[in-house]
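The values are calculated or read from the model by the stated rules, or taken from the named source; none is laboratory data. Computed from a predicted model, the values in this text were never measured in an experiment. No Cβ is skipped: glycine too gets one built from the backbone with ideal geometry, and neighbour counts run over all protein chains shown.
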Amino acid sequence: MLSRTADHLFWLARYTERAENTARMLDVNLQASLLPNFAASAELLWRGALGISELQEQFDERYDAVTQANVIRFLTVDSSNRSSIAACLYAARENARAVRGALTTEVWETINATWLELRTKLRDRLPERDPLEFSEWVKHRSHLFRGVIIGTMLKDEGWHFARLGTFLERADNTARILDVRYHALAEQGSPRPPAGPGEQRVDFHHWAAVLRSVSAFEVYRRVYSDVITPARVAELLVLRPDMPRSLLHCVNEVVSNLAQVRNRHSGETERRAGALQADLHYGRIEDVLRSGLHVYLTTFLDRINDVGNRISTDFLVPLSAA
């Protein structure tokens, strides 16, 4: 497969996943805004939303205050933010258009329809009027895209590059959400034991919102059948191989798809991805928490981004050229 074709398929999937992840992040903050005593921590939570994507500095250049309305606009429709939902869906459509011949009709029509519907929703100012409805729409379109990819495309190299883009982006986002939320909640009084029944209820709702942001609330209940604790949330989102958005599951998928497209240059990339997979597979949450979750997740982000950069060098259009 030509490097440019593989590159477009890789970034098509990655931008679509990024749009969904941004929608999930907005959704969890909007749900948190309904909790008691939200006003006291509102700015901290919205700064956390910007911190997850490393966009705080760029936001501060354009806006005077960190408010819910400003952050929502910046993360959904602001054209100066190349990671906004609108920018990601536009980039996904442009990547799809560039390799229209490599896609099935259903995949192309799904992506094109998403872009056309997005233009209508932006014209109607839906992100400002009802950001929760808009976030649900973005998640639904992303689910539809992945389903059509899996259900209609040939399982050839192009399909594997699209899957690589999806799971590299998902791993990066899950690590960022867990890191930022874990430490933001720690600053608000969790994960220490709650002081009383009222605090315990708020603590529960915050952690439940974190789980819902990665579609893991019902999964947590099935796996643990007990109260929500920070350690178990971390274990579920880091080390569970059967949790679709956990770090281990994402890295398993990266290793599996990388093996299907290997070439004579990719041996070191496969080795590094395999080493990361082994560390996650044989890791224990007690050891992770003992060494510090923030340090662990920061190291993970460095390693997964290194794998992504090496995939670009081994197979795709170099990032500098792109």
State all residues of the stretch 82-132 that are in contact with a helix residue (DSSP H, G or I) (Cβ under 8 Å, 6 or more places away or on another chain) and over 21 Å from HIS8 (Cβ atoms); if no residue qualifies, say none. GLU117, LYS121, LEU122, LEU126, PRO127, GLU128, PRO131, LEU132
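Do you know which of the residues in the stretch 52-111 that are acidic (Asp, Glu) and within 21 Å of the chain's Cα centre (by Cα) is surrounded by the most Cβ atoms within 10 Å (Cβ to Cβ)? Spell out how you get there, then give the answer.
Of all residues in the stretch 52-111, those acidic (Asp, Glu) come to 54, 57, 60-61, 64, 78, 94, 106, 109.
Filter once more, so that each one left must be within 21 Å of the chain's Cα centre (by Cα): 54, 57, 78, 94.
Numbers: GLU54: 10, GLU57: 8, ASP78: 22, GLU94: 15.
Here the residue is ASP78.
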Here are the criteria: (1) in a helix (DSSP H, G or I); (2) surrounded by 15 or more Cβ atoms within 10 Å (Cβ to Cβ). Tell me which single one VAL317 does not satisfy. (1)
Pairs only if they're at least six apart or on different chains, beta carbon under 6 angstrom, first in the stretch 261-278 and of a type in the set (Lys, Arg), second part of a helix (DSSP H, G or I) and surrounded by 11 or more Cβ atoms within 10 Å (Cβ to Cβ); list them, first residue then second. ARG272/VAL307
Quick one: which helices (runs of 4 or more DSSP H) sit completely within the stretch 1-111 and have at least 2 residues that are in contact (Cβ under 8 Å) with a residue 40 or more places away in the chain? 3-32, 38-52, 68-76, 85-98
Criterion (of a type outside the set (D, E, K, R), modelled with pLDDT under 95 and not in a loop (DSSP other than H, G, I, E, B)) met by exactly one of LEU297, LEU248: LEU297
Regarding the stretch 129-142, can at least one residue be identified that is charged (D, E, K, R) and not in a helix (DSSP H, G or I)? yes
Is it the case, given these coordinates, that ASP306 is under 16 Å from ASP172 (Cα atoms), free of Cβ contacts under 8 Å to residues at least 40 places away in the same chain and among the charged types (D, E, K, R)? yes
Got at least one residue in the stretch 137-147 being among the β-branched types (Val, Ile, Thr), under 17 Å from LEU26 (Cα atoms) and at pLDDT below 95? no
Those residues of the stretch 100-121 which are at pLDDT 95 or above and among the hydrophobic types (A, V, I, L, M, F, W, C), in sequence order: LEU103, VAL107, TRP108, ILE111, ALA113, TRP115, LEU116, LEU118
Run down ARG240, ARG284, ARG212 and say which single residue is within 20 Å of THR174 (Cα to Cα), touching a residue at least 24 places away in the same chain (Cβ under 8 Å), surrounded by 16 or more Cβ atoms within 10 Å (Cβ to Cβ) and not assigned by TED's automatic domain parsing to the domain that holds LEU44. ARG212
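Only residues that are polar (S, T, N, Q) and either in a loop (DSSP other than H, G, I, E, B) or more than 18 Å from HIS143 (Cα to Cα) (or both): list them for the stretch 112-128, please.
If the condition is that a residue be polar (S, T, N, Q) and either in a loop (DSSP other than H, G, I, E, B) or more than 18 Å from HIS143 (Cα to Cα) (or both), then THR120 is the only one that fits.
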